[in-house]
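Contents: one structure, followed by commentary.
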Amino acid sequence: MQNFEEKFKNVKYKPFTRQQMIDCIEGRGAPRPGVAFGTWVHLDLLSEDKQEVLKKLYEEYPEDMQEFYVVKPSVFGKEGETYTWCDVPNADPSIGRTKKVGVDEETAISWETYRKISKDVPDINYPDMFKNAPEEDGRYRLAWMSDGPWTSIWRYRGMTNSLMDLYTNPEDVHDINRRVLRFHKAICKRGKEEAHIDGVAFGDDLGMQRGSFISPEMYREFYFPYHKELCDYAHSLGLHVWMHCCGDCFNLIPQFIEAGIDVLHPIQKYTMDEKQVKETYGNDLSFWVGMDLQRVLPFGNEQDAINETRFLIDTYYRPETGRTIFTVNNRLEDNVPIENVVAFLKEAYRYGSEAGGKKDE
């Protein structure tokens, strides 16, 4: 394990310790909002000049936690492969495909094919599951799992079919949910033991630009039980559960809280009212606040990014509780001016520290 003080002795803003992040998430206060871009910024997807800017920036402004991806199972396994979501030979519908299909339909298989998948895949004992885990350095450690049950059904059936399946094949939908839950619970257990993680994260994009994909009643029937069982299990191990949910999920947040979700990302701008969300649920939930990637960062200027950062801090952050960590609201793409990203990150630290009662360094 690296020495925290030694590693970060020359940075502009010292990152949170593990305990400070835990306190921030659990509402015991934080000296400033947390900042953790992590898995939402894939450097290899950006141009080389932008990569260099961000690498230098991270050296001066290190993130407040260590995030990494659990190695994901393949969608369609090769013969004999067990770390896969589908081990049925030649099940990949792209084999022999001559016509283009929608991106959400690229891996869609029939229920007949799905029912042939072995019950024990993905292999929960896969030895390299945590090979991406960085060396411990005293910061909070978050492991990103594969998609949650709702997003996972798209992988098997495509989005259009998935919406119909809730009505036509409910038992098959529950079978997918149980398969995903089995895998996620194994990640929790092994992640705690092998990678010394503090939290797990998954994505279930239940929101659209206007409203949720499914009603609260449908969520209650098909997804709440699995989210709750995951949260109960993770909490029994001392882990937090972080959930990514794009779009407008306002009508589902009460059930997210009941299920035990600890941190919600991104509270997407232009789909939900940030102040309403904070005022309604800020005592029961922490927010991994996502800076807007639809309008502000890609099409605004540096001052727009600074102004939006201040708005988000004023809206979400309270020094006495914390409960606020900043990132972008989805994967950072190369169309975003790097100057805007830098302005956002620097202002999150500067203005956030000021809001927490500290002076500029």
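Read the figures in this text as sums done on the coordinates, not as results from a lab. For clarity, every value in this text was computed on a predicted model and none was experimentally measured. Every residue, glycine among them, receives a Cβ derived from its backbone with ideal geometry; neighbour counts consider all protein chains shown.
Rounded if a/c is under 1.5, else prolate if a/b is larger than b/c, else oblate: which is the stretch 253-313, with a ≥ b ≥ c the root eigenvalues of its Cα gyration tensor?
Numbers: a/c = 2.74, a/b = 2.34, b/c = 1.17.
Prolate is the answer for the stretch 253-313, as a/c is 1.5 or above and a/b outweighs b/c.
I'm checking a number: the convex hull volume of the Cα atoms of the chain, normalised per residue, in Å³. What is it? Write out the running numbers ahead of the final one.
Values: hull volume 51.8 nm³, N = 361.
Measuring per residue, one finds 143 Å³ for the Cα hull of the chain.
Please tell me the relative contact order of the stretch 240-298 in percent, rounded to the nearest whole number, where contacts are Cα pairs under 8 Å and at least six residues apart.
Numbers: 69 pairs, mean separation 21.5, N = 59.
Across the stretch 240-298, relative contact order equals 36 percent.
Select from S47, S162, S286 the residue whose mean-square fluctuation is largest in a Gaussian network model of the chain (Cα-Cα springs shorter than 10 Å).
S47
Please state the relative contact order of the stretch 207-273 as a whole percent: Cα pairs under 8 Å, 6+ residues apart? Each step should come with its number before you reach the end.
On the way: 92 pairs, mean separation 29.3, N = 67.
That works out to 44 percent.
If you count, for each residue, the other Cβ atoms within 10 Å and average over each peptide, how do 88-100, 15-27, 331-343 line up from highest to lowest? Could the numbers behind the result be given before it?
Working: 88-100: 11.0, 15-27: 20.1, 331-343: 16.8.
Taking the mean over residues of other Cβ atoms within 10 Å, the ranking is 15-27, 331-343, 88-100.
Would you mind estimating how fast the stretch 108-215 diffuses translationally, via Stokes-Einstein at 25 °C and 0.890 mPa s with the Kirkwood radius over Cα pairs, in µm²/s?
Numbers: Rh = 15.5 Å.
Diffusion coefficient, whole number: 158 µm²/s.
Once both axes come from the Cα atoms, what is the angle between helix 170-190 and the longest principal axis of the chain, in degrees from 0 to 90, rounded to 10?
Roughly 50 degrees, rounded to the nearest 10.
Please report, in cubic angstrom per residue, the volume enclosed by the convex hull of the alpha-carbon atoms of the stretch 32-98. Working shown, then result.
On the way: hull volume 10.7 nm³, N = 67.
Considering the Cα atoms of the stretch 32-98, their hull volume per residue is 160 Å³.
Tell me the angle of helix 224-236 to the major Cα principal axis of the chain, expressed in degrees between 0 and 90 and rounded to the nearest ten.
So the helix axis and the longest Cα principal axis differ by about 60 degrees.
Tilt of helix 338-355 relative to the longest C-alpha principal axis of the chain, in degrees (0 to 90, nearest 10)?
Helix 338-355 and the main axis of the chain meet at about 60 degrees.
Once you charge only the Cβ atoms, +1 for Lys and Arg and -1 for Asp and Glu, what is the size of the charge dipole of the chain about its Cα centre, to the nearest 20 debye?
Values: 45 positive and 61 negative charges, 51 e Å.
Taking the Cα centre of the chain as origin, the dipole is about 240 debye.
Quick one: of K278/K346; K228/K278; K56/K100, which pairs are farther than 30 Å apart, Cα to Cα? Please report the intermediate quantities before stating the final value.
Working: K278/K346 23 Å; K228/K278 22 Å; K56/K100 41 Å.
From K278/K346; K228/K278; K56/K100, over 30 Å: K56/K100.
Can you pull out the GluC sites (Glu not before Pro) in the stretch 75-138 that DSSP calls coil and that have at most 11 other Cβ atoms within 10 Å? List each step's numbers first, then the result.
Values: sites: E79, E81, E105, E106, E112, E135, E136; in loops: E79, E81, E106, E135, E136.
Those that pass, being in a loop and sparsely packed, are E79, E135.
What number, in percent, do you get for the relative contact order of the chain if the mean sequence gap of Cα pairs under 8 Å and at least 6 apart is divided by its residue count?
Numbers: 658 pairs, mean separation 80.1, N = 361.
Value for the chain: 22 percent.
Quick check on the chain: helices-only [θ] at 222 nm, where DSSP H runs of length 4 and up contribute -39,500 (n - 2.57) each and the sum goes over total residues. Nearest 500, please.
Details: 14 runs with 141 residues, N = 361.
That comes out to -11500 deg cm²/dmol.
Mind listing which chymotrypsin sites (Phe, Trp or Tyr not before Pro) in the stretch 126-177 are in a DSSP loop and have 16 or fewer other Cβ atoms within 10 Å? Provide the component values of the computation, followed by the final result.
Numbers: sites: F130, Y140, W144, W150, W154, Y156, Y167; in loops: F130.
Qualifying residues, ordered by number: none.
Which residue, V336, I306, I325, has the largest displacement toward the positive end of the dipole of the stretch 301-353 when charges sit on each Cβ (Lys, Arg +1; Asp, Glu -1)?
Checked the options; the winner is I325.
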